[in-house]
1. Can you compute the FRET efficiency between residue 150 and residue 318 using 1/(1 + (r/R0)^6), with r the Cβ-Cβ distance and R0 = 45 Å? Round to the nearest 0.05.
2. Considering amide H positions built from the backbone, and no H for Pro or chain starts, which residues 5 or more places from residue 236, or on another chain, come under 5 Å of its amide H?
3. Can you give the FRET efficiency for residue 140 and residue 274, using 1/(1 + (r/R0)^6), R0 = 45 Å, r = Cβ-Cβ distance, to the nearest 0.05?
4. Express in whole angstrom the spacing between the alpha-carbon centres of region 212-291 and region 63-110.
5. Kyte-Doolittle mean at least -1.0 and Cα extent at least 15 Å along the axis: which DSSP H helices of the chain qualify?
6. Out of all DSSP beta bridges with both ends in the chain, state the antiparallel percent to the nearest 5.
7. List the lysines whose Cα lies under 18 Å from the Cα of residue 138, skipping any in the same chain that are fewer than 8 positions away.
8. Stretch residue 176-residue 303 to full length: gain in nm at 0.36 nm per residue minus the Cα-Cα span?
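Bear in mind these aren't lab numbers, they're just calculated from the coordinates by the rules spelled out. Source: prediction; values computed, not measured. Here Cβ is always computed from backbone atoms with ideal geometry, including for glycine, and neighbour counts include all displayed protein chains.
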Amino acid sequence: MCATIGVPQALLYYKYYPQWEAFLKGLGAEIVVSSATTKRTINAGTSLAENELCLPVKVFFGHLVELRNQVDALFVPRVVSVENGAYTCPKFLGLPDLARSIDSSLPSVLDPTFNRRLGRKKFYEALLDFGKHFTNKKYRILRAWMMGLSAQRVFQRKLESGLTPVEAIANAEVQTYKGNLKIGIAGHPYNIYDSYINLNLIKRLREWGVDVATTEMIPQRTLEHEASYLPKRLFWSYEKEVVGSVFHWLRNKSVDGIIYVLSFACGPDSLIQVLLESEAKRRGSLPLMSLVIDEHSGEAGMITRVEAFVDMLRWRKV
Ligand code: SF4
C-alpha cells in the first residue's frame, strides 16, 4: 500500500489540486507537493525532455525530478476526457507513459484514468482500481472521491470570486485592486499562474495598477455558452474554455484589453491563437495581444511588450 504520494506543482495541478488533495487524503495518503518552479526545475525538465515538447510538459518533468527522493509514488493521472464529446490535449493522455520513460530512477507512477467518454460504469471501475493502491474497502474509495468533488466545488467558487488558483489553494482572502485599467488574461492555467515561466505577469500587472481577470474566474456555464458561438464545436475541452473567456470579454467589454498567454510548440494553442486573433480583429471591440512563452523567453523583451500594451490601453481610455 502506498503511503506518501508526490504531486507535481505543474500542468493540471492548477486546475484540480484541491480535488486530488481531498481524494488522496481521504484514501489515507500523505501528500508532498513539489515547490514552485525555479530555473533549476526548468533545467532539470529540459535536460530530460525531447526538444519539441511544449514548455509546460518540460516543467512538469522538472517537478517529478524534485520529488524523486521524497515519496513512495508519483501521482500522474491520465486525463483523457472531462466531458462528453470532447478530449483533453494528447499530452495529457500520454503523460503517465512519458513520466515513466524519462528517468528510470523515479518512483513508481500512479495513473488513475479519468475518461468521461467511457461512461459512468467504466469511470467508477477505473476509480476503484486506483483506490486499491490504498485500501480494499470500496466504500472508502467512493467516499474519498466524493470528498474530492466537494473540495473542487469549494475551489471553483473561490475562483469565481476573483482568486487565482494559487491564492485559492493558499486560502488567501479576495483582495480589492484599485487599478484604473483591467486586463483579461486568457490561457492554460499552468501558463498563467506559474509565475516563474510567465515572469510574474499577474503580480507585475497588479503592481502597475492593473486589475486582472482570468479564464478561471468566469463560471463554467458562461465559458461553454460563449464558446458555442464558434461555427464548429471545439473538441479540446481546455481550449474551449480559453476561447469562451476571450469571446466573453470581447462581447461584454468588462476588461480594457486581453493578453493571451500560450506556449511555444503547443499544437492546440497555435490553432486557437489564429482563431482568437482573427475574431478580436473582426469584432474590433478590444485589443488582444498574444504572448508566447518558452524556456528562452527573455525577461526584458517580454516585459517591454507587456508595458507597451498597458500604455496603449491607457492612451485609449483618455
Ligand atoms: S495544451 Fe499545449 S501546452 Fe498544454 S500540454 Fe498540450 S501541448 Fe502542452
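1. Values: r = 48 Å, r/R0 = 1.06.
According to the calculation, E is roughly 0.40.
2. For residue 236, the qualifying residues are 87.
3. On the way: r = 48 Å, r/R0 = 1.07.
Using R0 = 45 Å, I get an efficiency of 0.40.
4. 27
5. Numbers: long enough: 13-26 (20 Å, -1.04); 55-67 (19 Å, 1.31); 119-131 (18 Å, -0.49); 138-160 (33 Å, -0.41); 237-252 (22 Å, -0.44); 267-283 (25 Å, -0.51); 299-317 (27 Å, -0.16).
Those that pass (Cα extent of 15 Å or more, hydropathy at least -1.0) are 55-67, 119-131, 138-160, 237-252, 267-283, 299-317.
6. On the way: 1 of 30 bridges.
Percent antiparallel among DSSP bridges in the chain is about 5.
7. List returned: 25, 121, 122.
8. On the way: separation 127, 0.36 × 127 = 45.72 nm, distance 2.41 nm.
Contour length minus the Cα-Cα distance gives 43.3 nm.
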